[in-house]
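Read the structure below first, then the notes.
No value in this document is a laboratory result; all are computed from the given coordinates. All of these numbers come straight from a predicted model, not from anything done at the bench. No Cβ is skipped: glycine too gets one built from the backbone with ideal geometry, and neighbour counts run over all protein chains shown.
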Amino acid sequence: MAARYDARCDPRGVTVDWKNPKSVETKITRLTKELGQFDKFFYGFNEEKDRASYASMLERKRDDVVRSAVLQVHTAIEDLMNLYIIGVVLGTTPQKRSRKLSTIRGKALRKMLYGKGSLGFDMKMSFAVALGFLSAEAAKKLAELNMIRNKCSHNWLLKTPRRRNRRPRQKKPPLLLYEGRDLHSINALKDFIGEFGAFYGKLFASYAEHYT
């Protein structure tokens, strides 16, 4: 797999030789500068003038980091399920996938899996279970991930207690819980990424094995 990425184009179309230390360092320098500019624009514009506002934006940044981690893992796993479903239903390989998707059957399947009106994550999981790509236990675990992902997608403020169905003096649990822990804590976030990152790795190995 790594050999495929030794020389490739970044999103701006600039070829990067990943075996060339100078090329890699040039890319690191550029990306570090760009990320610093993004960070200052979105979160740091009141750093000196209004410290209270700056503190509030740092809280938003923390939310964004957690949200990004959850959505990244969820999207990666969903994309892998889509690719497996396409391969099995159309009887194609990754090399021939694009051509198959341009057929009538392919376009119908693409409509089912992507974009407006497509199948939701739950239905895709059931589809993957029916095809043997996911076990029932794996689907149950992914349902937990999907629940966390939905909270990230439908709530602006994530570092907030859940008040629904709670009495005024009753302890309010965090909105985002992973194995009973607040996902905003670094240890909980590390464990979350570690578990579902490994989950993705196993699915990818199963996906690759399908074509060997």
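Using every pair of distinct Cα positions in the range 44-112, the Kirkwood expression returns a hydrodynamic radius of 15.2 angstrom. For a label point 7 Å from the Cα of residue 162 along Cα→C-beta, name the residues of the range 173-212 whose backbone N is under 19 Å from it. Answer for the range 173-212: 173-185, 188-189, 192.
Shape analysis of the range 110-212 places it in the prolate category; the axes a ≥ b ≥ c from the Cα gyration tensor give an a/c of at least 1.5, with a/b above b/c. Ignoring the sites themselves, the chain has its longest run without GluC sites (Glu not before Pro) in a DSSP loop having at most 11 other Cβ atoms within 10 Å at 49-178.
From least to most packed, judged by other beta carbons within 10 angstrom and beginning with the fewest, 38, 127, 121 follow the order 38, 121, 127. Starting from the Cα gyration tensor of the chain, take the square roots of the eigenvalues, sort them a ≥ b ≥ c, and report rounded, prolate or oblate (rounded when a/c is under 1.5, otherwise prolate if a/b is larger than b/c, else oblate). Oblate, since a/c reaches 1.5 and b/c is not below a/b. Relative contact order, whole percent, for the range 44-210 stands at 25, derived from Cα pairs under 8 Å and 6 or more residues apart. Find which of 180, 211, 201 sits farthest along the positive direction of the dipole of the chain, computed with +1 on the beta-carbon of Lys and Arg, -1 on that of Asp and Glu, about the Cα centre. Of the listed residues, the answer is 180. Residue farthest toward the positive end of the dipole of the range 44-210, with Cβ of Lys/Arg at +1 and Asp/Glu at -1: which of 142, 68, 152? With unit charges placed on the Cβ atoms, the residue in question is 152. Taking trypsin sites (Lys or Arg not before Pro) in DSSP loop states with no more than 14 other Cβ atoms inside 10 Å as exposed sites, the chain has its longest site-free stretch at 50-115. The magnitude of the dipole of the chain, with charges of +1 and -1 set on the Cβ of Lys/Arg and Asp/Glu and taken from the Cα centre, is near 760 debye. Alpha carbon centre of the range 115-159 versus the range 47-103: separation in Å? Cα centres, the range 115-159 to the range 47-103: 13 Å.
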